[in-house]
Structures are given as C-alpha cells and as structure tokens.
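Visitor: Supplied in structure tokens, the structure appears directly below.
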Amino acid sequence: MSESPETEAQREALAAAFDRDTDPLAEYATTFEQMDIDPFELFMKDVIATRDITEHTRNQYEIVLQKEWPEFMNDQGRHPACPNESHIKAFAKHELIQKDNHPDTVGEKLRKLADVYEYWQSDPIFPHPDDYNPVELARSKINFERPKEKEVRRIPLPELREKVQEVTHIRDRAIIVMQ
C-alpha cells in the first residue's frame, strides 16, 4: 500500500513542476488544532442527524469519525481533518492487518471518511480543496479483494463408502447419508 521511494520522488517532481503541493492540507492542521470546534461533530449535526438512517448506522459513523480515525491520526501527529493520501493508506493497512478487519469493513470505514471529506469540500467554511480528495485517491489505490475461501476437500467415493460403512448404528448411518 505504500509507494516506492522512486514513485514518491516522481510525484514530488511533478508537483514541483506544476507548482502543486503533495500535502495541501498540512498547512491547516495547526489552525484546526487551535480551534475549539470539532469539524466531525459539525458533519454529524449537519448531515448525519438529518439523514433517515438507522441508529446502528449513525453509531458506526460516530465510531469511525469520533473515535477510530481521530485516535489513529493522533498517533500520526496530524489533525484528523487534514489527512494526506499516506495517512488514509496507513489507516486502511492498520484496519486490515493490525485489527484484522475484513476488506469490506475497511472499505465501509473509508466510505464514511469520504462522506465527511466531501462535506468539507462542499462547505465554503472549510479549506479542503475541490481538486484534492485524499480519501478517494487512497481508496482507488488500495486492493480490497476479499480473502479467498478455502476449497472444500473432496472425498473420493470409495473412501466415503468406507467411512459410512464404519458407522454401525442404522439411525446414525441414515442421518449421515441423508446429509
């Protein structure tokens, strides 16, 4: 999920050539930290509270946006409202590997982060640019393939007959054969 140093260097060179920043939200992190306002709480009040969703879904938003993501970003040393692509990828990796979450679960958590990020992009009070969405950028680069299910061992018919014949009680044999 992480990029090679060569790829990172190429990205930096392109950004410099076009006078762009590879981490455009870094400059706003300090301002968010100094504010006494939680941008996630605004999203919960403005968007989630107005949606016709179940209590369970509302709770899942709260867990991701007000607990898991802020705790993760605190460990990264960055305000959770100012992530870059590598933060999102690291969070996904953390959820997949350290917490052993199913890829669908991790994808759903990232979808919730994308919802709040899109809200910030659309509201003019937030500094999040329309042309940079680190959540969607990271999601497009993360492999969410489901783990392959184990193949069921096929028992050869002669071996199966032998095992069934070992069952001596007629009732037990009938139950096994009917399955």
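The values are calculated or read from the model by the stated rules, or taken from the named source; none is laboratory data. The model shown is predicted, which means the values in this text are computed figures rather than measured ones. All Cβ positions, glycine included, derive from the backbone under ideal geometry; neighbour counts span all protein chains shown. We work out accessible area using only protein heavy atoms, side chains counted, and drop any ligands, DNA or RNA first. Shrake-Rupley method; radii C 1.70, N 1.55, O 1.52, S 1.80 Å.
Visitor: Restricting to helices (runs of 4 or more DSSP H) lying wholly in the stretch 123-179: which have 3 or more residues that are at pLDDT 90 or above and closer than 30 Å to PRO39 by Cα?
Guide: Output list reads 134-141.
Visitor: Okay, moving on. For the stretch 115-132, what are the residues that are in contact with a helix residue (DSSP H, G or I) (Cβ under 6 Å, 6 or more places away or on another chain) and either among the basic types (Lys, Arg) or within 15 Å of PRO80 (Cβ to Cβ) (or both)?
Guide: So in the stretch 115-132, the residues in contact with a helix residue (DSSP H, G or I) (Cβ under 6 Å, 6 or more places away or on another chain) come out as 116-117, 119, 126-128, 130.
Of everything in the stretch 115-132, those that are in contact with a helix residue (DSSP H, G or I) (Cβ under 6 Å, 6 or more places away or on another chain) and either among the basic types (Lys, Arg) or within 15 Å of PRO80 (Cβ to Cβ) (or both) turn out to be VAL116, TYR117, TYR119, PHE126, PRO127, HIS128.
Visitor: Could you check how many residues of the stretch 52-67 are within 22 Å of the chain's Cα centre (by Cα) and either open to solvent by 90 Å² or more (accessible area, probe 1.4 Å) or small (Gly, Ala, Ser) (or both)?
Guide: Quick first cut of the stretch 52-67, residues within 22 Å of the chain's Cα centre (by Cα) only: 53-67.
Next, from what is left, pick out any that are either open to solvent by 90 Å² or more (accessible area, probe 1.4 Å) or small (Gly, Ala, Ser) (or both): 55-56, 67.
The qualifying residues number 3.
Conditions (1) surrounded by fewer than 18 Cβ atoms within 10 Å (Cβ to Cβ); (2) closer than 27 Å to ARG11 by Cβ; (3) touching a residue at least 24 places away in the same chain (Cβ under 8 Å); (4) of a type in the set (Gly, Ala, Ser), marked per residue:
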{"site": "GLU33", "(1), (2), (3), (4)": "yes, yes, yes, no"}
{"site": "PHE43", "(1), (2), (3), (4)": "no, no, yes, no"}
{"site": "ILE48", "(1), (2), (3), (4)": "no, no, no, no"}
{"site": "GLN76", "(1), (2), (3), (4)": "yes, yes, no, no"}
{"site": "LYS93", "(1), (2), (3), (4)": "yes, yes, yes, no"}
{"site": "PRO103", "(1), (2), (3), (4)": "yes, yes, yes, no"}
{"site": "LEU110", "(1), (2), (3), (4)": "no, yes, yes, no"}
{"site": "TYR132", "(1), (2), (3), (4)": "no, yes, yes, no"}
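Visitor: In the stretch 17-31, what residues are surrounded by 15 or more Cβ atoms within 10 Å (Cβ to Cβ) and among the acidic types (Asp, Glu)? Give the steps one after another, and end with the answer.
Guide: First, pick out the residues of the stretch 17-31 that are surrounded by 15 or more Cβ atoms within 10 Å (Cβ to Cβ): 22-25, 28-29.
Correct list: ASP23 only.
Visitor: Given the structure, is GLN10 touching a helix residue (DSSP H, G or I) at 6+ places or on another chain (Cβ under 7 Å), more than 21 Å from PRO129 (Cα to Cα) and surrounded by 11 or more Cβ atoms within 10 Å (Cβ to Cβ)?
Guide: No, not satisfied.
Visitor: Kindly indicate whether ILE53 is touching a Lys or Arg at 6+ places or on another chain (Cβ under 8 Å), more than 13 Å from VAL135 (Cβ to Cβ) and free of Cβ contacts under 8 Å to residues at least 24 places away in the same chain.
Guide: Numbers: touching a Lys or Arg at 6+ places or on another chain (Cβ under 8 Å): no; more than 13 Å from VAL135 (Cβ to Cβ): yes; free of Cβ contacts under 8 Å to residues at least 24 places away in the same chain: yes.
Criteria not met by ILE53.
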